[in-house]
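Asker: This is the structure I have questions about; it appears just below.
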Amino acid sequence: MAAIGKIRSWGPVLATVIGLALFAFIAEEMFRSCEATGNERRQQVGEVLGKKISVQEFQSLVDEYQDVIKMTQGRDNLSEEELNQVKDQVWQQFVNNTILEKEAEKLGLTVTDAEMQNVLKAGTHPMLAQTPFVNQQTGRFDATQLTKFLADYKKAQQTTGENEMVEQYQRIYNYWKFIEKNLRQQMLAQKYQALLGQCLLSNPISAKMAFEGQNQESDIQLAALPYSAIKDADVTVSDADLKAKYDEKKEMFKQYVESRDIKYVDYQVVASAADRAALMKTMKEAQQNFQAGQAVAEVVRKAQSQQAYVGIPVSRNALPTDIAAKIDSMTVGSVSAPFETKFDNTLNVVKFVNKVQLPDSVEYRQIQVGAETAEAAKKRADSIYTALQGGAEFEALAKKYGQTGDKQWLTSAMYERAQNLDADTKNYLNVLTTLGAGESKNLEMSQGNIIIQVTARRAMVDKYDVAIVKHTIDFSKDTYSQAYNKFSQYVSENKTLEQLEANAKKFGFNVQERKDLYSSEHNVAGLRSTRDAMKWIFDSKAGEVSPLYECGNNDHLLVIALTKVHAEGYRDLADVEEMVKQEVIRDKKFQKAAEQLAGVKSVADAKAKGATVDSVRQITFSAPVFVQSAGASEPALSGAVAAAKAGQFVSNAVKGNGAAYVFQVLQKKEREGAKMDAKQQQTQLKQMAMQAASRFMNELYLKAGVKDNRYLFF
């Protein structure tokens, strides 16, 4: 009993201990849950209608789009700017498709497999013309080619091990799946728009009114009192006026996406005088070596030129723009002095080696000759060449050795921009471009022989053999270190925006401003590699100053001060005060002008009160009239004229964009040759309504709760 009593005495303590243990357990689970939610949120690129897309999913879509571009354009990689465009396109497609799929689901709209098959059989959809399955004779998509490819692809998938052909099949298959997916999405969008279009109707009454609005012309005598004739100083604008106008126009100032205002200092590091002198020494050495007759390829290599010497003549448009302009003033064999090109920040030296006339395009055919040994290949090639020279048919010889001998074209664009060519390729191109039509050549290569026959040549053009030493005027490590130390000192000594602005000139810097920066932009201040700076801007509070950022092409130093955050919703009056003020001033000037015109009974009366008088002809309701004396387009005036009768003087001043107006209608008449076609007019009205309705995606977007967090990742 004593033991039980002792245990009971510990009851409150045990309850407390157990309670704390339970709390710790629950808190730990809550912490883990919150951490998991936070990690998930940090991996989300964005959200549309509650549908989230992770960074992995988004990157997969970007990679898919990149692969399509690389395949269709024969590219190995994309520039940073092109990649940014791809990311924007992928994001926009994700947003639009998510919104459209949601709307289609509500309406029960789908694209069935049968509908897809019908589109493929018809083969007329523009997107299908971008596929490899186009009949070369008809120029149209051929569904049988697609069916054959899919069957071949299925067989290729059963092949084991690495195989270049299998990889090619996979690339084409991925491209087709991309086309198919986008085709379905486009067909769904067309269905939705077609359904929307059936909701838009016209009728004979509106058609007649529209016809009259387009074709009933009025000639008037116009009296205008331009607002510019009234001084701004004669107009008093109070805070109450601004507030009233702001409330009236408030919907104009609604902001759907957060933006931020910044001030920043961007310092570009450039080459010092010592850096330039060192580079100039290299360029002068190259000039002297060119002049001394050293092998041009060796001079270019030794100078470490950014422009390789390929050793074949090229068209003018294949040369850098500055080099093409330079050779206009040079003769064959001459060498230029070092010269600077501002637009690409380079120093250059040029030797004009030769100028020849060669065809821009060559049609040719060939037979590749191989054998177990090089000697056997040469002997076989000699035999083929001898037979060809003796009158044998090229195609027959080609088929004898398992080849087609088909003709093909080589154009200058296929090879002129190559940065390096091996000896075999250079020899091959020189033979192709110098052989005459009908001539053949037994060309010995390191891997065997090729029998080449040129069948046609087109567009003889001037081509240039030019050796170029081109170097960017770069800064040295010491120069960058000095610039970094100076900028770092400026940033560390000035921790607030006020200090940054006050001391910028002392350090030789300039504080710049950018208003309304959005997170969807790819850079800050037009600089590359500013992702970290962008993340800082949208994670910071107004008044904070950023750390120092190294950005651009590793040649810019940047510090940023966040000055204001514009949240979603209505902009403050202070943000739009100047715009609102101009509206108030215009209203007050109109009031003064209207008071000045009050009581006039004719255009002559208005002229006596200071109005400018002019005749304006062929005014229609459907098009705003431009008034020369006011320098403004005036839709309100067009409406007022359309409502007035012939001969009527309108004495109530019309409020225009640039003036107050009264006018006399001289005559009204139908436009010459105009004839009412009710059916055509109704169709035209429906088309206009469809154009307006085509902006439906904007309205749906505003209600979709779109969150764009791409700046956190890209």
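The values are calculated or read from the model by the stated rules, or taken from the named source; none is laboratory data. Please read all numbers here as calculations on a predicted model, not as lab measurements. Cβ atoms come from the backbone with ideal geometry, glycine included; neighbour counts cover every protein chain shown. Quick note on the areas: whole protein, heavy atoms, side chains included, nothing else; ligands and nucleic acids left out. Shrake-Rupley method; radii C 1.70, N 1.55, O 1.52, S 1.80 Å.
Asker: So with the 1.4 Å probe, I'd like the accessible area per residue for the range 604-663, rounded to whole Å².
Answerer: 50 Å²
Asker: When the dipole is taken about the Cα centre of the range 501-574, and only Lys, Arg (+1) and Asp, Glu (-1) are charged at their Cβ, what size is it in debye, to the nearest 20?
Answerer: Working: 10 positive and 11 negative charges, 30 e Å.
I would put it at about 140 debye.
Asker: Can you give me the Cα centroid spacing of the range 503-532 and the range 296-351 in angstrom?
Answerer: 36 Å
Asker: With the crude spin-label approximation of a point 7 Å out along Cα→Cβ, what separation in nm comes out for residue 478 versus residue 375?
Answerer: Distance between the two pseudo-spin positions: 6.3 nm.
Asker: Another question about this same structure. What pairs from 231/645; 477/515; 535/703; 102/181 go past 23 Å between their alpha carbons? Intermediate values should be presented prior to the final figure.
Answerer: Working: 231/645 35 Å; 477/515 35 Å; 535/703 26 Å; 102/181 17 Å.
Check vs 23 Å cut-off fails for 231/645; 477/515; 535/703.
Asker: Continuing with the same structure: For the range 399-529, what does the alpha-carbon gyration tensor say about shape, rounded, prolate or oblate, given a ≥ b ≥ c as the root eigenvalues, a/c under 1.5 as rounded, and a/b over b/c as prolate?
Answerer: Details: a/c = 4.16, a/b = 3.24, b/c = 1.29.
Prolate shape, in that a/c is at least 1.5 and a/b is the bigger ratio.
Asker: Name the longest site-free stretch of the chain, where the excluded sites are trypsin sites (Lys or Arg not before Pro) in a DSSP loop with no more than 10 other beta-carbon atoms within 10 Å. Spell out each step's value before the answer.
Answerer: Values: sites that count: 231, 342, 541, 601, 645, 675, 695, 703.
Here the longest segment lacking exposed loop sites spans 1-230.
Asker: Ok, one more. So the label point goes 7 Å from the Cα of residue 512 along Cα→C-beta, right? Which residues of the range 246-283 then have their backbone N under 18 Å from it?
Answerer: Inside the label zone: 260-271.
Asker: Give me the extension gain from residue 568 to residue 535: residue separation times 0.36 nm, minus the current Cα-Cα distance, reported in nm with one decimal.
Answerer: Using 0.36 nm per residue and subtracting the Cα-Cα distance, I get 10.0 nm.
Asker: So how do 202, 315, 694, 329 rank on accessible area, 1.4 Å probe, biggest first, that is with the largest at the start?
Answerer: Output order, biggest surface exposure first: 329, 694, 202, 315.
Asker: When the accessible area of the range 412-466 is computed with all protein chains present and a 1.4 Å probe, what percentage of it is carbon and sulfur? Before the final figure, lay out each step's value.
Answerer: Values: 1270 of 2810 Å².
Looking at the range 412-466 in its full context, I get 45 percent from C and S.
Asker: Helix 55-73 versus the longest principal axis of the chain: what is the Cα-based angle in degrees, 0 to 90, to the nearest 10?
Answerer: Roughly 60 degrees between the two axes.
Asker: What accessible area, in Å² to the nearest ten, does a 1.4 Å probe give for residue 238?
Answerer: Probe radius 1.4 Å; accessible area of residue 238 about 50 Å².
Asker: Rank 421, 469, 509 by how far each Cα sits towards the positive end of the charge dipole of the chain (+1 on Lys, Arg Cβ; -1 on Asp, Glu Cβ) and give me just the farthest.
Answerer: Result: 509.
Asker: What dipole magnitude, in Debye to the nearest 20, does the range 33-180 give about its Cα centre under +1 on Lys/Arg Cβ and -1 on Asp/Glu Cβ?
Answerer: Values: 16 positive and 23 negative charges, 86 e Å.
Using Cβ point charges on Lys, Arg, Asp and Glu, the range 33-180 gives about 420 debye.
Asker: Hey, which aspartates and glutamates would be in cross-link range of residue 669, C-alpha to C-alpha under 13 Å, not counting anything within fewer than 8 residues on its own chain?
Answerer: 212, 217, 219
Asker: Below 18 Å, Cα to Cα, which aspartates and glutamates can residue 263 reach? Residues fewer than 8 away in the same chain don't count.
Answerer: 493, 498, 501, 513, 516, 521, 532, 539, 544, 550, 575
Asker: Taking K and R as +1 and D and E as -1, what net charge do the other residues with C-beta under 13 Å from the C-beta of residue 501 add up to?
Answerer: +2
Asker: Could you state the angle between the C-alpha long axis of helix 497-507 and the longest principal axis of the C-alpha atoms of the chain, as a value from 0 to 90 degrees rounded to the nearest 10?
Answerer: Its long axis makes an angle of about 50 degrees.
Asker: How many nm separate the modelled label positions at residue 148 and residue 553, each set 7 Å beyond the Cα in the direction of the Cβ?
Answerer: 4.8 nm
Asker: What part of the accessible area of the range 155-308, given as a whole %, is carbon or sulfur when the probe is 1.4 angstrom?
Answerer: Numbers: 4550 of 9000 Å².
That fraction is 51 percent.
Asker: Label residue 707 and residue 273 with points 7 Å out from Cα along Cα→Cβ: what is the distance between them in nm?
Answerer: Distance between the two pseudo-spin positions: 5.7 nm.
Asker: Mind checking which aspartates and glutamates have their Cα closer than 12 Å to the Cα of residue 355? Skip sequence neighbours fewer than 8 apart in that chain.
Answerer: 328, 462, 465
Asker: Considering only protein heavy atoms, what per residue accessible area in square angstrom results for the range 515-602 with a 1.4 angstrom probe?
Answerer: Heavy-atom SASA per residue in the range 515-602 reads 50 Å².
Asker: Can you give the accessible area per residue of the range 279-341, in Å², using a 1.4 Å probe? Can you show the working numbers first?
Answerer: Numbers: 3270 Å² over 63 residues.
Accessible area per residue: 52 Å².
Asker: Also, I was wondering about something else. Given (1) 50; (2) 34; (3) 55, which label gives percent of Cα pairs over 46 Å apart as computed from the coordinates?
Answerer: Correct label, based on the coordinates given: (3).
Asker: Answer with one residue from 433, 610, 697: the one whose Cα lies farthest towards the positive end of the charge dipole of the chain, charges on Cβ with Lys, Arg +1 and Asp, Glu -1.
Answerer: My answer, from the dipole projection, is 610.
Asker: Taking K and R as +1 and D and E as -1, what net charge do the other residues with C-beta under 11 Å from the C-beta of residue 412 add up to? Before the final figure, lay out the partial values.
Answerer: Working: positive: 316, 417, 458, 463; negative: 360, 416.
Taking every other residue near residue 412 into account, the sum is +2.
Asker: Based on Cβ point charges of +1 for Lys and Arg and -1 for Asp and Glu, what charge dipole magnitude is obtained for the chain about its Cα centre, in debye rounded to the nearest 20? Could you put the intermediate results ahead of the total?
Answerer: On the way: 89 positive and 89 negative charges, 210 e Å.
Once rounded to the nearest 20, the dipole reads 1000 debye.
Asker: What are the chymotrypsin sites (Phe, Trp or Tyr not before Pro) within the range 247-295 that DSSP puts in a loop, where the Cβ has at most 15 other Cβ atoms within 10 Å? Please list the in-between numbers first.
Answerer: Numbers: sites: 253, 256, 264, 267, 290; in loops: 256.
Listed in order of number, the matching sites are 256.
Asker: Next question, about the same structure. What range in the chain is the longest one free of GluC sites (Glu not before Pro) that are in a loop by DSSP and have at most 10 other Cβ atoms within 10 angstrom? Walk me through the numbers before you get to the answer.
Answerer: On the way: sites that count: 162, 372, 568, 672.
No qualifying site falls inside 163-371, the longest such stretch.
Asker: Please report the net charge: other residues with Cβ closer than 15 Å to the Cβ of residue 439, K and R +1, D and E -1.
Answerer: So the environment of residue 439 carries a net charge of +3.
Asker: What angle, in degrees between 0 and 90 and rounded to the nearest 10, separates the Cα long axis of helix 374-389 from the longest principal axis of the Cα atoms of the chain?
Answerer: The angle comes out at about 80 degrees.
Asker: Determine the gain in length on full extension of the stretch residue 306-residue 461; use 0.36 nm per residue of separation and subtract their C-alpha separation, reporting nm with one decimal.
Answerer: 53.1 nm
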